[in-house]
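Everything below concerns the one structure shown next.
Bear in mind these aren't lab numbers, they're just calculated from the coordinates by the rules spelled out. Just so it is clear, the model here is predicted, and its values are computed rather than measured. When we count neighbours, we look across all protein chains shown, and the Cβ atoms used for this are built from the backbone with ideal geometry, even at glycine.
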Amino acid sequence: MSKQIWLYSDTHFFHFNCIKYDSLPFRDEFEMNEYIIDKWNSKINKDDFVIHLGDLFVGHDVTNEVRKFLFSRLNGIVTLIRGNHDKKEDSWYTDYIGVEKVLPFYNLGKYFFCHSPLTITDYRGNKNVEEQLTLLRQVYDELKCEYVFHGHSHNPKSLLYLNHYNCIANKHDFEPINFKEKIEELGWK
């Protein structure tokens with residue numbers, strides 16, 4: 001079987017409040033983690049390429065060793081697009097956890113991968129977010145991209161903006177998104 005490209009976003013591993021905020025059907029964050037791992041590994045093979053669109057770990061009440069162990073259970077070669085909750089140094093993700101690369105964005109031809117939708121206009125007064133999105137929009141234009149795969153937005157109405165697709169895991173029953181199948185389904189070939 002040939003290697004596949006998979007998209008995943010906002011796993012929020014160990015984030016108990018995510019269950020409450022997003023009305024998820026889990027008793028606790030550990031049940032949620034196991035559900036995500038099962039969904040992830042049911043589709044993604046060891047040699048597949050995974051573009052994780054940010055917010056990998058969020059919970060703070062576990063050790064780094066526990067995070068590393070959880071990540072070691074996930075199939076695939078993972079590139080992490082840094083999200084607003086991915087605050088550790090790149091080397092922590094790559095050298096310690098086992099992520100292949102940490103990037104601010106990724107692109108494959110006309111496809112652009114980032115954490116937040118480029119359509120966000122409400123920065124809630126956060127100048128850093130505003131500056132980051134301005135830079136991402138410039139790169140998107142310079143690379144002549146046409147389509148955006150992102151995460152971040154937990155609002156179900158934001159699953160598809162014009163030329164954007166929201167890969168946030170909990171809006172897709174935590175199913176990994178097959179890149180090739182999704183662009184065909186969306187007519188973005």
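Before moving on, here are some points about what is shown:
- Here Glu89 passes the criteria (1) surrounded by 18 or more Cβ atoms within 10 Å (Cβ to Cβ); (2) out of contact with any Cys (no Cβ under 6 Å at 6 or more places or on another chain) except the one numbered (1).
- Out of Phe57, Phe105, Phe112, sole residue that is among the aromatic types (Phe, Trp, Tyr), touching a helix residue (DSSP H, G or I) at 6+ places or on another chain (Cβ under 9 Å), under 25 Å from Asn17 (Cα atoms) and surrounded by 13 or more Cβ atoms within 10 Å (Cβ to Cβ): Phe57
Each row is one residue, and each column tells you yes or no for (1) within 13 Å of the chain's Cα centre (by Cα); (2) among the hydroxyl-bearing types (Ser, Thr, Tyr); (3) farther than 30 Å from Gln138 by Cβ.
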{"position": "Ser2", "(1), (2), (3)": "no, yes, yes"}
{"position": "Phe26", "(1), (2), (3)": "no, no, yes"}
{"position": "Met32", "(1), (2), (3)": "no, no, yes"}
{"position": "Asp38", "(1), (2), (3)": "no, no, yes"}
{"position": "Asp61", "(1), (2), (3)": "no, no, yes"}
{"position": "Val66", "(1), (2), (3)": "no, no, yes"}
{"position": "Asp90", "(1), (2), (3)": "no, no, no"}
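- Checking Asn33, Asn45 one by one, the residue that is in contact (Cβ under 8 Å) with a residue 12 or more places away in the chain and surrounded by fewer than 20 Cβ atoms within 10 Å (Cβ to Cβ) is Asn45 and no other.
- Filter result (of a type outside the set (S, T, N, Q) and surrounded by 15 or more Cβ atoms within 10 Å (Cβ to Cβ)) within segment 67-80: Arg67, Leu70, Phe71, Leu74, Gly76, Ile77, Val78, Leu80
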